[in-house]
1. If Pro141 satisfies all but one of (1) within 16 Å of the ligand (Cβ to nearest atom); (2) at pLDDT 95 or above, what's the number of the condition it fails?
2. Scan region 98-110 for residues that are within 19 Å of Val25 (Cα to Cα), more than 12 Å from the ligand (Cβ to nearest atom) and aliphatic (A, V, I, L, M) and jot them down.
3. Scan region 44-65 for residues that are closer than 17 Å to Pro162 by Cβ, surrounded by 20 or more Cβ atoms within 10 Å (Cβ to Cβ) and not polar (S, T, N, Q) and report the count.
4. Please work out which one of (1) out of contact with any Phe, Trp or Tyr (no Cβ under 9 Å at 6 or more places or on another chain); (2) closer than 15 Å to Trp261 by Cβ is the condition Thr281 fails and give its number.
5. Can you confirm whether region 119-127 contains a residue that is more than 16 Å from the ligand (Cβ to nearest atom), modelled with pLDDT under 95, buried (at least 18 other Cβ atoms within 10 Å of the Cβ) and under 19 Å from the mean Cα position of the chain (by Cα)?
6. Of all residues in region 309-350, which are closer than 17 Å to Thr361 by Cβ and buried (at least 18 other Cβ atoms within 10 Å of the Cβ)?
7. Can you pull out the residues in region 282-309 that are touching a Leu at 6+ places or on another chain (Cβ under 6 Å) and hydroxyl-bearing (Ser, Thr, Tyr)?
8. Looking at Gly67, Gly81, which one is farther than 26 Å from Glu39 by Cα and away from the ligand (no atom under 14 Å from the Cβ)?
Amino acid sequence: MRTLTTLLALCAAPAALAHGINGHVHVTGWAIEALPPGELADFFAEPEVRDAALIGAAFPDSGYAIGDPYGELAHWEPYVGAHLAWIQGHLGPPFETLEARKHVAFLMGLASHGLQDELFDSLFLYQVELHDHEGQDRADPGTDSFLFADGWLQYKPPLYAPFDDLPGIFLEAHGHVVDQDTIRAGMNRVKLLVIDGFAAIAPGLEAQHRPFLAWTAEHYVDPAVPGSLASEIPPTAAYLQAIWDRLHDRYPMAAIATHGWPVAPRRLRALGPEIVDAWATIVFGAGVVVGSLNADTVVLLDPDGQPVPTRVRHTRWSGGADDSTRLVRIIPEVALAPSTTYTVELRPGIQRTTGEVLADTLVFTFESTCVEAPCAPEPMGGEPPRPPVPPDAGPPDAAVVDAAVVDAARPDAARRTRPSRTPPGRTWRAWRRRTPRRWPPTPRRPTRRWWRRQRRRWLHAGAGRRGGRAGAAAGPRPAPPPDQTVSVRS
Ligand SMILES: [Zn+2]
């Protein structure tokens, strides 16, 4: 029941619970591997430090697993900023002890998770809705199960979190009271069920979601698609660097825009208007005030320097002007001209959540879709590294499998899933032979023959109306096999 509750909690889709937890762990791991040589790459060279970042990337969703708001809070930049300030006040830099370095890496991991959710929900989810007509309920668990089935998974970080410090940081950051036992329980559930036990859950989730996510299954690791897991790697790496620089107080406003989509020589995938393939996106290395990103401060210009009508949108879930966002979407309201270089200008007035205001104009250029040959070839590859041999799945845990099957108990999914537990002491095939073809049997009007047999039984078996020795020896009626129950119910 506990595993079922956990699954339900993790498979539900609260506000910021976007792509699956293994997706977060892996995009963060791939981003660390993609870091250029330098101070930060050296920092992550220590395996324990890297593992702390990977498990940190699972941390925000652990709040959902235990039903505590700390998880939602940890998704957003205001928390990241407060946690970062706490580290500066208590641990450095320089981060000389291993414990301090692990704590810093943990923060980077949890921050990466929040950014990845913003990217996935604000970009990829629109594609899922467009092509597969499905939403977060399927895309989140579905993509995680695809990662398993398609052989991408390789990281299983050990359990770690700065449990002693986190309650104080949540209290300081948001006045939120949570004790470390709650956080530990949430992390245990995520670690046990979604990371270590995922091999047992994934096939059930895949069977449940893949039939509905044909386009998603094709493109969720496609580096050419905005918001895909592969496309999240460069902005995650840039964000890790930004947080490192923020920890060292060397992150000026002029460096606020860390990444833009599409990155040359890639081009926009469509001319638009409106559809997601025609959007340009700028990603920030710190929280920016939603209200400061508007038609005056974010402008799209054509090659003649003329403004193109656009709508300026932020992270998908931003509600008010005071909210924070780590990205801005520039949505053209007219079709763009093909093979044309456009410019996005970020103008003075853009404000960080910490109060600093952009004084310069930042410029990002990109090229629109090429529709007529000759088109310069777009880059091939860009996928993350696949492990040479996927880690051994190990024997499935029957309890976890059952929980996954029950959780996936929509009739359409359950029908495709073979029951995982045969009655004690019997093989499945023997059970099938001994079980009525239809279960429960369709009620029928008793025939004369039936009444005669019943009467004989009652008279000669020597017991009351229902039992008889024969009935008693047979024992209680076995529970019906689960698949037949479902098919009848539906
Ligand atoms: Zn999340």
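1. The failed condition is (2).
2. Val104, Ala105, Leu107, Met108
3. Number satisfying all stated conditions: 13.
4. Condition (1) is where Thr281 drops out.
5. Restricting attention to region 119-127, the residues satisfying the condition of being more than 16 Å from the ligand (Cβ to nearest atom) are 126-127.
Those still in the list that are modelled with pLDDT under 95 too: 126-127.
Going one step further and asking which of them are buried (at least 18 other Cβ atoms within 10 Å of the Cβ), we end up with 126-127.
Those left that are additionally under 19 Å from the mean Cα position of the chain (by Cα): 126-127.
For region 119-127, residues more than 16 Å from the ligand (Cβ to nearest atom), modelled with pLDDT under 95, buried (at least 18 other Cβ atoms within 10 Å of the Cβ) and under 19 Å from the mean Cα position of the chain (by Cα): present.
6. Thr310, Val328, Ile330, Tyr342, Val344, Leu346, Ile350
7. None - no residue of region 282-309 is touching a Leu at 6+ places or on another chain (Cβ under 6 Å) and hydroxyl-bearing (Ser, Thr, Tyr), so the list stays empty.
8. Going through Gly67, Gly81 in turn, the sole match is Gly67.
The values are calculated or read from the model by the stated rules, or taken from the named source; none is laboratory data. Computed from a predicted model, the values in this text were never measured in an experiment. We place every Cβ from the backbone using ideal geometry, glycine too, and count neighbours over all the protein chains shown.
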